[in-house]
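Written out below as structure tokens is the structure these notes cover.
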Amino acid sequence: MLVIGLTGGIGSGKTAASDYLASKGISVVDADLAARVVVEPGQPALAAIRQRFGDGVIQADGALDRRALREIVFADSTARKDLEAITHPAIGEEIVRQLRASTSPYTLLVSPLLLESSQHKLASRILLIDVPEAVQLSRTASRDKVAEAQVKAIMAAQMPREEKRRRADDIVMNDADLASLHQQLDALHETYLKMAESHG
Ligand code: ATP
């Protein structure tokens, strides 16, 4: 199975890129969605979170109280590590389950933390959606209706752009219009289809 790991910083265009490839029939596994699935009521990871952090992180309807949990782990690195030790293996298993269920010629694994986490090990190749920081800043601020300072803080916490570029196998520059993004993806799509044939 050929798995293309698609990543990029906040607002780089990961969704725009994966939506386009999905429209060509390529299955998309979204790591953020997998992270939500594993903490749904009834999931073992949610029970483990309740055991470690107490009933205060569970809402009356049985769902995870994300805000309460975020407040706990924000200020406490041990708590954060404990949370990751519970969720990361479960997220990995959910991603693998979804990748195995895919029947398209190749599969996209979309994750903002592909390179920062062990998720990149599930990918045969890394495709980076790259944008200059000024574009990233203005697109994200206008999409989310937030201040540029807030976006800057998130960008500062992410892996530096240059490091991502070094680690990528393929890079799409998304600094122009959507037609330009699509044109670059068309070429990569053809390459990936050929690779998938020999990949088996
Ligand atoms: P996040 O990491 O925050 O989930 P993302 O990497 O998925 O973001 P998108 O949501 O795809 O990024 O793109 C960010 C914003 O920029 C969106 O509003 C999107 O419509 C817009 N955008 C993406 N690519 C282009 C482009 N080539 N031209 C114009 N607007 C674009």
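The values are calculated or read from the model by the stated rules, or taken from the named source; none is laboratory data. Keep in mind the model is a prediction, meaning the values are calculated, not measured. Every residue, glycine as well, gets a Cβ built from its backbone with ideal geometry; the counts of neighbours run over all protein chains shown. Surface areas here come from the heavy atoms of the whole protein model, side chains and all, with no ligands, DNA or RNA. Shrake-Rupley method; radii C 1.70, N 1.55, O 1.52, S 1.80 Å.
Ligands, DNA and RNA are left out, and with a 1.4 angstrom probe the accessible area of the chain is 54 Å² per residue. Alpha-carbon geometry of the chain: the Rg and the Dmax are 18.1, 52 Å, given in that order. Is the shape of region 82-200 rounded, prolate or oblate, going by the alpha carbon gyration tensor and its root eigenvalues a ≥ b ≥ c, with a/c under 1.5 for rounded and a/b larger than b/c for prolate? Judged from the Cα gyration tensor, region 82-200 comes out oblate (a/c at least 1.5, b/c at or above a/b).
Run the accessible area of region 129-200 with a 1.4 Å probe and give the carbon-and-sulfur part as a rounded percent. Walk me through the intermediate numbers first.
Values: 2370 of 4410 Å².
Percent of accessible area from carbon and sulfur atoms in region 129-200: 54.
Considering the options VAL38, LEU69, VAL57, tell which one lies farthest towards the positive end of the dipole of region 34-103, charges being +1 on Lys and Arg and -1 on Asp and Glu at the Cβ, about the Cα centre. So the residue we want is VAL38.
Against the empirical 2.2 N^0.38 Å scaling, what ratio does the C-alpha Rg of region 34-103 come to?
Numbers: Rg = 12.8 Å, N = 70, 2.2 N^0.38 = 11.1 Å.
Relative to the 2.2 N^0.38 Å estimate, region 34-103 comes out at 1.15.
Going by average Cβ density within 10 Å per residue, which order do the peptides 5-17, 61-73, 105-117 take, highest to lowest?
Details: 5-17: 23.2, 61-73: 13.7, 105-117: 21.6.
Put in order of decreasing packing, that is 5-17, 105-117, 61-73.
For region 34-103, give the magnitude of the charge dipole about the Cα centre (Cβ charges: +1 Lys/Arg, -1 Asp/Glu; no others), in debye to the nearest 20. Could you put the intermediate results ahead of the total?
Working: 10 positive and 10 negative charges, 36 e Å.
It comes to approximately 180 debye.
Between the amide H of ASP65 and those of ILE58, GLN59, distances stay under 5 Å, these residues lying 5 or more places away or on another chain, with hydrogens modeled in the peptide plane. With a 1.4 Å probe rolled over the protein heavy atoms of all chains, the accessible area of ASP30, ASP19 falls in the order ASP19, ASP30, largest first. For region 119-133, 3J(HN,Hα) computed residue by residue from phi via the Karplus equation (6.51, -1.76, 1.60; θ = phi - 60°) reads 4, 4, 5, 7, 9, 7, 9, 10, 10, 9, 8, 10, 9, x, 4 Hz, glycine and proline entered as x. Solvent-accessible area assigned to carbon and sulfur over region 49-101 amounts to 48 percent, based on a 1.4 Å probe. Overall dimensions of region 77-147, expressed as equivalent-ellipsoid semi-axes from the Cα gyration tensor (√(5λ), whole Å, largest first), are 26, 21, 11. Rolling a 1.4 Å probe over the protein heavy atoms leaves MET155 with an accessible area of roughly 40 Å². Protein-only accessible surface at a 1.4 angstrom probe places the residues ILE171, ILE58 in the order ILE171, ILE58, largest first.
Inter-label distance, SER23 to ARG166: 3.6 nm, where each label sits 7 Å from its Cα along the C-beta direction. The HN-Hα couplings worked out from phi for region 165-178 by the Karplus form 6.51 cos²θ - 1.76 cosθ + 1.60 (θ = phi - 60°) are 4, 4, 8, 7, 8, 10, 10, 10, 8, 9, 9, 10, 7, 5 Hz, whole numbers, x standing for Gly and Pro. The phi torsions of region 55-61, fed into the Karplus equation with coefficients 6.51, -1.76 and 1.60 and a -60° offset, translate into couplings of 5, x, 9, 10, 6, 4, 7 Hz, rounded to whole numbers, with Gly and Pro shown as x. Residues considered: VAL29, VAL135, VAL38. Largest GNM mean-square fluctuation over the chain, using C-alpha springs under 10 Å, is found at VAL135. When the helices of the chain are scored as -39500 (n - 2.57) per DSSP H run of n ≥ 4 and the total is divided over every residue, the value at 222 nm lands at -17500 deg cm²/dmol.
Here ASP82 sits with roughly 50 square angstrom of accessible surface, probe radius 1.4 Å.
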